[in-house]
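Data block below; observations after.
The values are calculated or read from the model by the stated rules, or taken from the named source; none is laboratory data. What you see is a predicted model, and the numbers here were worked out from it, not measured in a lab. All Cβ positions, even for glycine, are placed from backbone atoms using ideal geometry, and neighbour counts span all protein chains on display. Note: areas computed on protein heavy atoms with side chains; ligands, DNA, RNA excluded. Shrake-Rupley method; radii C 1.70, N 1.55, O 1.52, S 1.80 Å.
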Amino acid sequence: MSDLAQVSPRAFRWARRRASAAGFWRSLRRDKLALTSLVVLVLFVVLAVVAPWVSNRADFNVINTGDNPVWAKPSGQYLLGTDNYGRSVALQVLWGARVSLFVGVAATVLTIVLGTLVGISAGFFGGWIDAVLMRITDWFLVIPFLPFAIVLASVLGRSLWNIVFVIGITSWPSTARLVRSQVLSLRERLYVDRARALGGGRAHIIGRHILPNVTPLVLASTTLAVPISILTETTLAFLGLGDPTDVSWGGILDQARTAAAVTTNRWWYYLPPGVAIIMVVLAFTIFGRALEAILDPRLRDR
Amino acid sequence: MSARFLLRKVLGAISTLAFVVTVNFFLFRVVNDDPTATMYRGRNMKPEQIASLRQKFNLDGSKWEQYLAYLRQLLRGDLGLSMKGSREVSAVIGEAIWPTLLLVGCSTLLAMLGITLGYRAGWRRGSGFDTSATSFSMLTYAMPDFWIGMVALGLFSVKLGWFPVSGLEDPGSAATGISQLLDQLHHMALPAIVLALAYVGEYMIVARSAMIETLSEDYLQLARAKGLRDAEVRRRHAVPNARLPVVSLSAINFGFVVGGAIAVESLFSWPGIGQLTSLAVKGPDFPVLQGLFLLLSAAVILANLVADLLYSRLDPRAGGR
Amino acid sequence: MSVLELQDLHVTYRSEGGPVPAVRGVSLSLERGDTVGLAGESGCGKSTIAAAVLRLLPKGTEVSGKVLLDGEDVYAMKPGRLRAVRWTSAAIVFQGALHSLNPVRRVGNQIEEAILLHTAVSPRAARTRTGELLVKVGLPADRAQRYPHQLSGGQRQRVLIALALACDPKVLIADEPTTALDVMVQAQVLALLEELQREQGLSLLFITHDLSVLTTTCERLAVMYAGRIVEQGPGREVFAQPHHPYTRALAAAFPTIGDPASRMNPAGLAGDPPDPSALPSGCPFHVRCAVATAECSSLDVGLRVAAPGRSAACVHVEAAHV
């Protein structure tokens, strides 16, 4: 540490980041449950990514399934059985992972970008900008989330990107509040004043001092926002608002209901997509909470 | 509670309602320029028919004029006409409100059992009971409510035959009085339990963390020193303080759950707001959706107001003193 | 027989970082009608003793030695007996009155609760008694209807005293009853406690970090450092003629009234109180001691008789007084 003065600021910063990443990994390794969740997540992502290589999208297109057995029970040939059109349920669930994960992540990114933008602007500029932005945020917080998403989706029409947009536009306010409070406490700290006194512009202060300090918290909140996005997509798709050209877990459940799989006791059609949803949502939630606990020690033992 | 505090809260609620009304107009008249388009798209309709349709749904004039007309219409309590059968939207929604309030009310009461469980879990933090309660609530949180419904339906109604599959009462039943009531309760049991399961975890978690917040308070130590039993310390001293955030949540949640029951109602063909919403989505019947959105938002705004007022009643320190 | 007696009391908290010995062998006795002062910096274990007397320590805390209330070992009591003894044999005037009163319950209600719990009286009688108690501590009886946040700091402290008196306890433990109060109110509260002690023949264990408060109030005084008593004797003598260098530093921290020299040059004590989980070797005070010798870092002496009725735990004691 004695030759600290000779190290360039950039190298010093990187060294510090490496050290904190190592510490982070150490804390994570102690949490077996969080680690298991991470493994589950990686597994689902890998499955979603390799789906086009290990299977053919056309294999469960209704046009091509005319010769398949209808309502086949799970067997060696059809791992999770078939539906009323003879389509393999396993294939549908596999491909459904792509849409569910994509919407979950894309909608979360939109949420985080919007929320961080509003939160930083409100917290950093203060004054009337803060007042106006927070009033709007409060309004959005009160609007019932699901009905708003449903109404918006039905007005905009059924497409994947519309779903992403709908979830993003309905869920940014809580992120904005979180980021704002974080920025407010940062602004009080000395080094921002020092950066300002040294003549750093606003962009410099935000980019160099505010963003890097807000990022860890935003990261944890991202991980916790993904499962909410996935659940919302599932509900929208179940209500028939999903993209008609794509298969998602909620969409499969919608079709299972339409095909009367529940009332005719064809459990293999509606159980697997639900189990997949639960696994992914649980994994994201557990991992996100572990992340949050590591990044914010005050939350431990809660 | 001071009059000023009350006034501030009520004004806040009104401003939020005004915002919702504007958003509502914006969604259905600006984003979606012509809500009647889906009615005549692909059909062979004469221009005068279209014109009369547009007039019927107040679509003539500039957006600003339409907005003012919409406001005037709302002030009269008029929500416009449904595209299906040209019935009054307010009448269509009015019919659906009671079944929903019944279902949501019962399921909320059931779900609020989670509050007691949460208090106990928090009081014995880290115990076996706490661990299982927390795991249970995380698990139910991860399940889409309608999927719980599908599984419950498949298991209890189809396989075991304990409950009817759908509806408010047996079709064609001429039962009245007690037997009609029992029939309706029988139909409501499964969807109510499903909704309660979907929400019990949230109540539990909030109650638990509110309890944990109070655990380290000095007044609990004093209560113990007085010679109170452990359960008495919890009931008389910890719970009244832990209750504050929980009561707010419960009131707010009630507003949200009305809109949250959409998928479950639709699954069980429960003739309430939720099923109406999912049918209006399928139509699409935009005037009905518009009315529903306004109603559901108003419910949440009202619930928030109630939560604020309740809080100030329960916490002697609040209330703008 | 003493109304309260501690015999070689050890209290060790459990924490993530290992055991924390907060009290390490304290023996102390309180006679009927007596006032004993217990002084020391924060973290020396004095508040732990207050909690230990009524067995209020967190679960998992290790306690050895004995706490005798009227000759009965508190740590051998069955739960029912323990609850009955709490507040009737000994009651505590807690510190930090804002946090010790339940914010969502009226103060009168909190006093009545104790009365109803321990005495077979009607709710009406309990209410009357609550009013009398409030009057006794110098508050109008109608303050019972107030919530804690509606009272001033001094009023809340008075309520806590009234609450402690609710069941006529034999022993009153006052745990820093005057911290966080301004000087005028401090003096009033102290005067009140003294008066009550005299009138009711209470036995008072007075815990504070403020040595000057104790000298006027207490017949006997014990000074604690790092979980042990390092000096003990009659209040006035200990303050006027300290034997232990720690007591000397504490006494010097308060200006002598009428002595300009001590006012202009208050002698503080350098350094922080030791961390109970990592005590220095030898005499735990040696790192801050002005007169420490080489042997102090390895030799930990117990209490030694310094004069009749006086004792101190310091190697210099015999040298000074033989």
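Select the helices (runs of 4 or more DSSP H) contained entirely in segment C:44-130, then report the ones holding at least 2 residues which are open to solvent by 30 Å² or more (accessible area, probe 1.4 Å).
Filter on segment C:44-130 gives C:79-85, C:97-100, C:107-118.
Taking segment A:90-115 only, how many residues are more than 20 Å from A:Val281 (Cβ to Cβ) and buried (at least 23 other Cβ atoms within 10 Å of the Cβ)?
Residues in segment A:90-115 being more than 20 Å from A:Val281 (Cβ to Cβ) and buried (at least 23 other Cβ atoms within 10 Å of the Cβ): 1 in total.
From C:Val189, C:Val223, grab the single residue that is at pLDDT 90 or above, of a type outside the set (Asp, Glu) and touching a helix residue (DSSP H, G or I) at 6+ places or on another chain (Cβ under 6 Å).
Just a single option satisfies the conditions, and that option is C:Val223.
All but one of (1) in a helix (DSSP H, G or I); (2) in contact (Cβ under 8 Å) with a residue 60 or more places away in the chain; (3) closer than 17 Å to B:Lys226 by Cα hold for C:Ile173, so report the exception by its number.
(1)
Where the second residue is at pLDDT 80 or above and open to solvent by 60 Å² or more (accessible area, probe 1.4 Å) and the first is under 15 Å from B:Ser166 (Cα atoms) and lies in segment A:254-265, which pairs have Cβ atoms under 8 Å and are six or more apart or on separate chains?
A:Ala261/A:Trp267
Search segment B:265-318 for residues being assigned to a loop (DSSP other than H, G, I, E, B) and without any contact (Cβ under 8 Å) to a residue 12 or more places away in the chain, and hand back the single one that is most open to solvent (accessible area, probe 1.4 Å).
Going through the qualifying residues, I end up with B:Arg317.
Residues are listed down the side, and each one gets a yes or a no for (1) farther than 22 Å from C:Asp168 by Cβ; (2) open to solvent by less than 10 Å² (accessible area, probe 1.4 Å); (3) not in a strand (DSSP E or B):
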| residue | (1), (2), (3) |
| --- | --- |
| C:Glu195 | no, no, yes |
| C:Thr216 | yes, no, yes |
| C:Val223 | yes, yes, no |
| C:Ile229 | yes, no, no |
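For C:Thr208, all conditions in the list (1) free of Cβ contacts under 8 Å to residues at least 12 places away in the same chain; (2) farther than 23 Å from C:Ala307 by Cα hold save one; what is the number of the exception?
(1)
Just wondering, is there one or more residues in segment B:241-254 that are closer than 28 Å to B:Val23 by Cβ, more than 8 Å from chain A (Cβ to nearest Cβ) and open to solvent by less than 10 Å² (accessible area, probe 1.4 Å)? Show your work before the answer.
So the first thing to find is which residues in segment B:241-254 are closer than 28 Å to B:Val23 by Cβ, and the list is B:248-254.
Of the ones still in play, those that are also more than 8 Å from chain A (Cβ to nearest Cβ) are B:248-254.
Still in the running and open to solvent by less than 10 Å² (accessible area, probe 1.4 Å): none.
Within segment B:241-254, not a single residue is closer than 28 Å to B:Val23 by Cβ, more than 8 Å from chain A (Cβ to nearest Cβ) and open to solvent by less than 10 Å² (accessible area, probe 1.4 Å).
Across segment C:79-104, which residue is nearest to C:Leu172 (Cα to Cα) among those that are more than 7 Å from chain B (Cβ to nearest Cβ) and of a type outside the set (Gly, Ala, Ser)?
Here is the first cut: in segment C:79-104, the ones more than 7 Å from chain B (Cβ to nearest Cβ) are C:79-82, C:85, C:88-91, C:93, C:95, C:97-98.
Narrowing the set further to residues that are of a type outside the set (Gly, Ala, Ser) leaves C:79, C:81-82, C:85, C:88, C:93, C:95, C:98.
On the way: C:Pro79: 21, C:Arg81: 19, C:Leu82: 17, C:Val85: 13, C:Thr88: 10, C:Val93: 7, C:Gln95: 13, C:Leu98: 20 Å.
The selected residue is C:Val93.
List every residue pair whose Cβ atoms lie under 7 Å apart, where the two residues are 6 or more positions apart in sequence or sit on different chains, the first residue falls within segment A:139-159 and is more than 7 Å from every other protein chain (Cβ to nearest Cβ), and the second residue, located anywhere, is surrounded by 22 or more Cβ atoms within 10 Å (Cβ to Cβ) and outside any helix (DSSP H, G or I).
Cβ pairs passing all conditions: A:Ala153/A:Leu241; A:Arg158/A:Leu241; A:Arg158/A:Gly242.
Scanning for something free of Cβ contacts under 8 Å to residues at least 40 places away in the same chain and within 17 Å of B:Ala152 (Cα to Cα), does segment A:275-296 turn up at least one residue?
yes
Going by what's in this entry, would A:Ser75 be described as closer than 30 Å to B:Leu139 by Cα, without any contact (Cβ under 8 Å) to a residue 12 or more places away in the chain and not hydrophobic (A, V, I, L, M, F, W, C)?
Working: closer than 30 Å to B:Leu139 by Cα: yes; without any contact (Cβ under 8 Å) to a residue 12 or more places away in the chain: yes; not hydrophobic (A, V, I, L, M, F, W, C): yes.
Yes, satisfied.
Only one residue in B:Ser132, B:Ser137 is within 25 Å of B:Gly259 (Cβ to Cβ) and assigned to a helix (DSSP H, G or I). Which one?
The conditions single out B:Ser137.
Just to be sure before I move on: is B:Met1 of a type in the set (A, V, I, L, M), open to solvent by 90 Å² or more (accessible area, probe 1.4 Å) and modelled with pLDDT under 80 in the structure I sent?
So B:Met1 passes the test.
Exactly one of (1) of a type in the set (D, E, K, R); (2) surrounded by 24 or more Cβ atoms within 10 Å (Cβ to Cβ); (3) assigned to a loop (DSSP other than H, G, I, E, B) is unmet by A:Asp243. Its number?
Of everything listed in (1) of a type in the set (D, E, K, R); (2) surrounded by 24 or more Cβ atoms within 10 Å (Cβ to Cβ); (3) assigned to a loop (DSSP other than H, G, I, E, B), A:Asp243 misses just condition (2).
Out of the residues in segment B:133-162 meeting the condition of being among the small types (Gly, Ala, Ser) and at the interface with chain A (Cβ under 7 Å from one of its Cβ atoms), tell me which one is nearest to the chain's Cα centre (by Cα).
Among those residues, the one meeting the criterion is B:Ala142.
Could you go through segment C:135-146 and let me know if any residue there is assigned to a helix (DSSP H, G or I) and crowded, with 20+ Cβ neighbours inside 10 Å.
yes
Given the structure, is A:Gly250 within 11 Å of another protein chain (Cβ to nearest Cβ), within 16 Å of B:Lys282 (Cβ to Cβ), in contact with a Ser or Thr (Cβ under 9 Å, 6 or more places away or on another chain) and part of a helix (DSSP H, G or I)? I'd like the intermediate steps shown before the answer.
On the way: within 11 Å of another protein chain (Cβ to nearest Cβ): yes; within 16 Å of B:Lys282 (Cβ to Cβ): yes; in contact with a Ser or Thr (Cβ under 9 Å, 6 or more places away or on another chain): yes; part of a helix (DSSP H, G or I): yes.
Yes, satisfied.
Those residues that are within 9 Å of chain C (Cβ to nearest Cβ) and among the hydrophobic types (A, V, I, L, M, F, W, C), I need them from segment B:206-237; list them, please.
Matches in segment B:206-237: B:Leu220, B:Leu222, B:Ala223, B:Ala225, B:Leu228.
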